[in-house]
Amino acid sequence: MIDQASILIVDDEVGILKMLTITLQKEHFTHITTATTKADALQVLEEQDFDIILLDVMLPDGDGFALCSAIRQQTTAPILFISARSSDFDKLTGLSVGGDDYITKPFNPLEIVARIRAILRRQREYERKTSPSERKNYIYNTFTFAPDEALLTVHGEVVPTTAKELELLHFFCENPNRVFTTSQLYERVWGEDVFGEEKTVTIHIAKLRKKLGDNTRKPSIIVNLRGIGYKFIPPEGDA
């Protein structure tokens, strides 16, 4: 069940930790762990696994961007940045280092709960769709994608990918040659309507293109139709 998810919150503001913890508990989330420093977060991550991680950017012993990169060496669990740093540069940096979404402070704690539920719901749906009974691998001439193994192989080499990147790729593979707006992609893959989150989609597509070996200047796999949206064109050799 979603309410049984294990959540790690990393923030040096005790007030934020208490507010989020109380709100999540009222919404029946009971497996909540908190950390106030980068060192504490890395320590608890060595001791247990988490289903989702909420991560502040400004920490007393290092920034959350570097911590996110370190976390990505250990887990593909969704990472949701929560930060007072609201510039486009910060948002782009957070997403490019492995974050799945970015929310700026101040925020409504119920919005955080809604985001968590949406992320976990999409993750559970993804896991259900990639169960052995519904197994389908995608084989192209430049890459292969095995959803049930969460495995992307490009030109024979395994490429590390985050859970959200895998979900986005899976959605594209299931819907080849169809055009989707950024809003539609955010709603289908992130699980909710877009409220100024187009950059989240854009950054994840850019990262996915790079990992697929697509030409970032003139992409031929994930094509951008200016003013319309994106379309996944399977490379020759689909099996």
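The values are calculated or read from the model by the stated rules, or taken from the named source; none is laboratory data. Here the structure is a predicted model, which means the values were calculated and not measured. Note that we place each Cβ from the backbone using ideal geometry, even for glycine, and neighbour counts take in every protein chain shown. Just so you know, the surface numbers come from the protein's heavy atoms only, side chains and all, with ligands and any DNA or RNA stripped out. Shrake-Rupley method; radii C 1.70, N 1.55, O 1.52, S 1.80 Å.
Taking Cα atoms, how many degrees apart are the long axis of helix 198-212 and the longest axis of the chain, rounded to 10 and kept between 0 and 90?
In the chain, helix 198-212 runs at an angle near 50 degrees to the longest axis.
Can you tell me the equivalent ellipsoid semi-axes for segment 1-121? Use √(5λ) from the Cα gyration tensor, largest first, whole Å.
19, 16, 14
Give the whole-number value, in cubic angstrom per residue, of the convex hull volume spanned by the C-alpha atoms of the chain.
Convex hull of Cα atoms, per residue: 126 Å³.
What part of the accessible area of the chain, given as a whole %, is carbon or sulfur when the probe is 1.4 angstrom?
50
Mean residue ellipticity at 222 nm from the helices of the chain, using -39,500 (n - 2.57) per DSSP H segment of n ≥ 4 over the full residue count, to the nearest 500 deg cm²/dmol?
About -12000 deg cm²/dmol.
Of the peptides 38-45, 78-85, how do they stack up when ordered by the mean number of other Cβ atoms within 10 Å, highest first?
Highest to lowest by the protection proxy: 78-85, 38-45.
How do 211-220, 180-189 rank on mean C-beta neighbours within 10 Å, highest first?
Result, highest mean Cβ count within 10 Å first: 180-189, 211-220.
What aspartates and glutamates sit close enough to K91 to cross-link, taking a C-alpha to C-alpha distance under 14 Å and skipping anything fewer than 8 places away on the same chain?
Candidates past the 8-residue exclusion: D56, D63, D100, D101, E197, E198.
Once the Cα atoms of helix 163-174 and of the chain are each reduced to a long axis, what angle between those two axes, in degrees from 0 to 90 to the nearest 10, is obtained?
30
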